[in-house]
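Take a look at the structure set out below.
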Protein chains: 2
Amino acid sequence: MASGGPEIEQLIQLLARLPGLGPRSARRAVLHLIKKKDQLMIPLSAALDRAVLAVRSCEVCGNVDTQSPCSICADPRRGDAGMLIVVEDVADLWALERAGVGAVRYHVLGGVLSPLDGVGPDDLSIDMLIRRAPDYREIVLAVNATVEGQTTAHYITDRLVGSGAKVTRLAHGVPVGGELDYLDEGTLSQALKARTEI
Amino acid sequence: MASGGPEIEQLIQLLARLPGLGPRSARRAVLHLIKKKDQLMIPLSAALDRAVLAVRSCEVCGNVDTQSPCSICADPRRGDAGMLIVVEDVADLWALERAGVGAVRYHVLGGVLSPLDGVGPDDLSIDMLIRRAPDYREIVLAVNATVEGQTTAHYITDRLVGSGAKVTRLAHGVPVGGELDYLDEGTLSQALKARTEI
């Protein structure tokens, strides 16, 4: 392999481990980086250095930020709403923030219960959630609509009995802009059951 | 956007400029990096720093390497074969090296002639190719089979008249493992014309 020395080879191998990139696209990405050394490679190198130093996990909610407690947990206005949204992953938290769901707080579980993969309640941030619950009026379980996600939601609902908070889940239904024709039967029947008056 | 501070946001924007990654997959990649900080983010940061310092363009052939002349140009055995393969891009050079084409040397043009995009002969490494040509017995024009690639090949062939080197091009034909049914007519008719005895 004479594709340019060990430094380049190592960079390709590391980039290939990113989701969405394989060995072939990582090689293309590295060539692009080398071609745009001043505009892209050096800024990226500096940005990575800065991020390595700055990024930490929020000790309260599990979000990723440059401060802990994170900017969401540290914002007092977000506590006033009394709504805590429970998500599996930081990516889900970011998705909800992009959707502009309003002045809410979050709790990142760090995964879902999965006995087959050896993931039990102690591997998730559930105890912390139980401790936080009494400070909120409503806990929204925004876990994925998978079997593991729903199992996790059931388990958390049981644990939250007596916390005083109302426990809710996201609505099922037709995605905005979606065509009925392409939807599965489960979603359609849920959407019909949960129909609302116009 | 409360997705974790300016350091993270900047990293997402830079990664999104890599080929094969968009804003969405860059965000996923950054989350992956943060989750695997010790195993991936810190090594990647270090590898980028090293590559920024080490990588340079070969002054002879245009290949990318950590030395100039590059390891291919510096290898005396590769000169003995007398074959110089002309490619558009470093990616093509790497592809030929992966294919194990043997002890050959390369010349990277840095693009193709494209009057519409304002790319003329002076924008490519053609003069350097003409100077290198007398040292080789055969010049293989391995440019892409596009209109621009073929125009560039014609132009170079004209310029190489009198250099003493034989000028050849890659064979057209059926890709290995390819099905005839899916091939375009141009390739099929070329493959029939260039048929060989079994």
*Would you be able to tell me the number of residues in region B:146-180 that are surrounded by 14 or more Cβ atoms within 10 Å (Cβ to Cβ), among the small types (Gly, Ala, Ser) and in a loop (DSSP other than H, G, I, E, B)?*
3
*Tabulated pairs, region B:31-43, first more than 7 Å from chain A (Cβ to nearest Cβ), second small (Gly, Ala, Ser), C-beta under 7 angstrom, 6+ apart or interchain*: none
*Have a look at B:Ala74, B:Ala51 and point out the one that is free of Cβ contacts under 8 Å to residues at least 12 places away in the same chain and more than 7 Å from every other protein chain (Cβ to nearest Cβ).*
B:Ala74
*asked:* Being under 16 Å from A:Ser114 (Cβ atoms) and either more than 21 Å from the chain's Cα centre (by Cα) or in contact (Cβ under 8 Å) with a residue 12 or more places away in the chain (or both) is the filter here; which residues of region A:145-191 pass it?
replied: A:Ala145, A:Thr146, A:Glu148, A:Gly149, A:Thr151, A:Thr152, A:Ala153, A:Tyr155, A:Ile156
*Which of the following residues is over 25 Å from B:Pro6 (Cβ atoms) and either in contact with a helix residue (DSSP H, G or I) (Cβ under 9 Å, 6 or more places away or on another chain) or more than 9 Å from chain B (Cβ to nearest Cβ) (or both): A:Gly20, A:Gly82?*
A:Gly82
*asked:* Yes or no: region A:50-70 includes at least one residue that is β-branched (Val, Ile, Thr) and more than 17 Å from the chain's Cα centre (by Cα).
replied: yes
*Of everything in region B:108-127 that's in a loop (DSSP other than H, G, I, E, B) and aliphatic (A, V, I, L, M), which residue is farthest from B:Leu84 (Cα to Cα)?*
B:Leu113
*Looking at B:Ala142, is it open to solvent by 70 Å² or more (accessible area, probe 1.4 Å), under 16 Å from the mean Cα position of the chain (by Cα) and of a type outside the set (S, T, N, Q)?*
no
*Out of curiosity, is A:Ile130 more than 26 Å from B:Arg17 (Cβ to Cβ), without any contact (Cβ under 8 Å) to a residue 40 or more places away in the chain, assigned to a helix (DSSP H, G or I) and touching a Ser or Thr at 6+ places or on another chain (Cβ under 9 Å)?*
yes
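The values are calculated or read from the model by the stated rules, or taken from the named source; none is laboratory data. Computed from a prediction, not measured in an experiment: that's the story for all the values here. Note that we place each Cβ from the backbone using ideal geometry, even for glycine, and neighbour counts take in every protein chain shown. When the accessible area is computed, the model is the full protein with side chains, heavy atoms only, and any ligands, DNA or RNA have been set aside. Shrake-Rupley method; radii C 1.70, N 1.55, O 1.52, S 1.80 Å.
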